[in-house]
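The values are calculated or read from the model by the stated rules, or taken from the named source; none is laboratory data. No experiment lies behind these values; they were computed from the predicted model shown. Note that we place each Cβ from the backbone using ideal geometry, even for glycine, and neighbour counts take in every protein chain shown. Only protein heavy atoms, including side chains, enter the accessible area calculation; ligands, DNA and RNA are left aside. Shrake-Rupley method; radii C 1.70, N 1.55, O 1.52, S 1.80 Å.
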Amino acid sequence: MNQDLITKIILMILIPFLFVVLLIPYIKKIAVQIHAVDDHIGGRHIHKKPIPKLGGLAIFFGFLLGYMIFGTPSAMMNAVLIGSFIILIVGVMDDITELSAKTQFIGQLAAACVIVFYGNILIRDISAFGLYIEFSWLSYPLTILFILGCINCINLIDGLDGLSGGISAIYYLTIGIIATIQGKLGLDFILAFVMLGSTLGFLVYNFNPATIFAGNSGSMFMGFIIAIIALLGFKNVTMTSLIIPLIILAIPILDTLFAIIRRTLKGESPFHADRFHIHHQLLNRNLSQKTTVIIIYIVDLLFAFASIVYVLRDAKLGYLIYGILLIIVIVFVAKTNVVFDTDNVKKKIMEKSNKK
C-alpha cells in the first residue's frame, strides 16, 4: 500500500470526523429550539432525561463534505445524493413531529426508487456453487426490498447510546479495509471511509452517556448508505459479494428477524415496539448500557473479522469463526426471550396449574 493512498484514507476519515465534532454542538442547540428532542422517559426507553435528536443531520453534512472533497460527480452519485436527501428530510420531520410508520415507509420507498430507477444500482444477477441466476425484472423489487431492509435494520436496533452508530462504523471500516486490500478504490471505497469519519464524529457525543441521539434522520441515513455500499459490491455478482456485507450486519439483521418472529407469534404487528430486542435481553441481566453496547460491538467485530479472513485470507478459517459465532447466537436465543417470551409462557402454565 503506497503512502499517498494511506494519506488519502486518513484524510477521508479525519476531515468528516473533525467537521462533525465541531458541528454537533450547534445541531444540539437547533434541535432544542425546534423541539426535536426525545422526551419519552421510562417504559421501553432507557434514557432518564430529554435528549436532543437530529444527530443524523450532522452525519449527513459530514458525509456531504467528504464527498465534495474526495468524490467524483456521476449520475450514480447524483442518485445517492438525492436519495440521501429524501431520507434525511423524512427523518428530520419524524424527529420533530413523529410521522406515522406509513409516511416513513413512503419516504424510504421513494429514496430506494431513486437509487434503482435513476441511479440504476441493481442486484442484477449472481453466481454461486456453479450456478448463475439472472434476476431480470425481479432485480427492481429485489433491490428496493434490500434497501428498505437495511434502512430498517439499523433503525430498529437504535435503542442504546452508541449502538446503531457503532455497528454502522464497524460496517464502514470492514468494507473499507476489504476494498483497500483488494485495490477496489471506487465509489463504495470513498463512501465507506467518509461515512466512517462522519459516524465516529457523531459517536463522540452519542456514546454513553449520550448528549445527542441519531434520531430517525441518523439511523435511516446510516442504513441507507450501508445498503448503497453493499449494492455497489454486488457488481462482482458472486455469492461472496452478496453474503459478506450481510454477515457484517449479523447483529441488526438477526435482531430484526427475531423481532418479526416474536411479534408475529404474539399476534402483534411487526412494527409494534417492545422491550425484547437483543440489547434489552442483555440489560435484563443487570448489565449497564455501556457494557451491553461494548458486548454487541465485540460480537459484531468478530463477525467483521470473520468476513475479512474469509475474503482476504482463508475461507475455511472464516467458516470456522462463523460457525462458532452461530453457536453463540443459538445459545443466546435459547437462554433469553429474544424470540419466544418464555417468562410469559411459564407464567401462564403456573396460572393454569394453580387453577387446577
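Would you confirm whether any residue within the stretch 162-178 is at positive phi and touching a helix residue (DSSP H, G or I) at 6+ places or on another chain (Cβ under 8 Å)? Yes, the stretch 162-178 has at least one match. Hey, does the stretch 156-164 have a residue that's without any contact (Cβ under 8 Å) to a residue 60 or more places away in the chain and in a loop (DSSP other than H, G, I, E, B)? No: zero hits.
Answer yes or no: is there a residue in the stretch 25-47 that is within 20 Å of Val194 (Cα to Cα), surrounded by 13 or more Cβ atoms within 10 Å (Cβ to Cβ), over 20 Å from the mean Cα position of the chain (by Cα) and modelled with pLDDT of 90 or more. Yes, the stretch 25-47 contains a residue that is within 20 Å of Val194 (Cα to Cα), surrounded by 13 or more Cβ atoms within 10 Å (Cβ to Cβ), over 20 Å from the mean Cα position of the chain (by Cα) and modelled with pLDDT of 90 or more. When Ala101 is tested against (1) within 20 Å of the chain's Cα centre (by Cα); (2) open to solvent by less than 60 Å² (accessible area, probe 1.4 Å), only condition (2) is not met. Of all the numbered requirements in (1) open to solvent by 50 Å² or more (accessible area, probe 1.4 Å); (2) at pLDDT below 75; (3) among the β-branched types (Val, Ile, Thr), Ile260 misses one, and that requirement is (2). Going through (1) more than 16 Å from Gly233 (Cβ to Cβ); (2) modelled with pLDDT of 90 or more one by one, Gly130 falls short only on (2). Taken over the stretch 276-330, the criterion of being closer than 20 Å to Ile253 by Cα and outside any helix (DSSP H, G or I) is satisfied by Phe276, His277. Only helices (runs of 4 or more DSSP H) whose full extent lies in the stretch 1-111 are considered here, and the ones with at least 1 residues that are farther than 20 Å from Asp158 by Cβ and in contact with a Gly (Cβ under 6 Å, 6 or more places away or on another chain) are 3-33, 75-97. Being touching a Leu at 6+ places or on another chain (Cβ under 7 Å), at pLDDT below 90 and surrounded by fewer than 24 Cβ atoms within 10 Å (Cβ to Cβ) is the requirement here; does Ile170 meet it? Spelling it out, it is not the case that Ile170 is touching a Leu at 6+ places or on another chain (Cβ under 7 Å), at pLDDT below 90 and surrounded by fewer than 24 Cβ atoms within 10 Å (Cβ to Cβ). Here Asn208 clears all of (1) touching a Phe, Trp or Tyr at 6+ places or on another chain (Cβ under 9 Å); (2) polar (S, T, N, Q); (3) farther than 26 Å from Arg124 by Cβ except the condition numbered (1). Count of the stretch 113-127 residues, restricted to those that are in contact with a Gly (Cβ under 9 Å, 6 or more places away or on another chain) and open to solvent by 20 Å² or more (accessible area, probe 1.4 Å), is 3. If you filter the stretch 81-134 down to residues that are touching a Phe, Trp or Tyr at 6+ places or on another chain (Cβ under 9 Å) and among the charged types (D, E, K, R), you find that the one that is nearest to Leu187 (Cα to Cα) is Arg124. Examine the stretch 79-94 for a residue that is farther than 24 Å from Gly166 by Cβ and among the polar types (S, T, N, Q), and state whether such a residue exists. Checked against the condition, which is being farther than 24 Å from Gly166 by Cβ and among the polar types (S, T, N, Q), the stretch 79-94 yields no hits at all.
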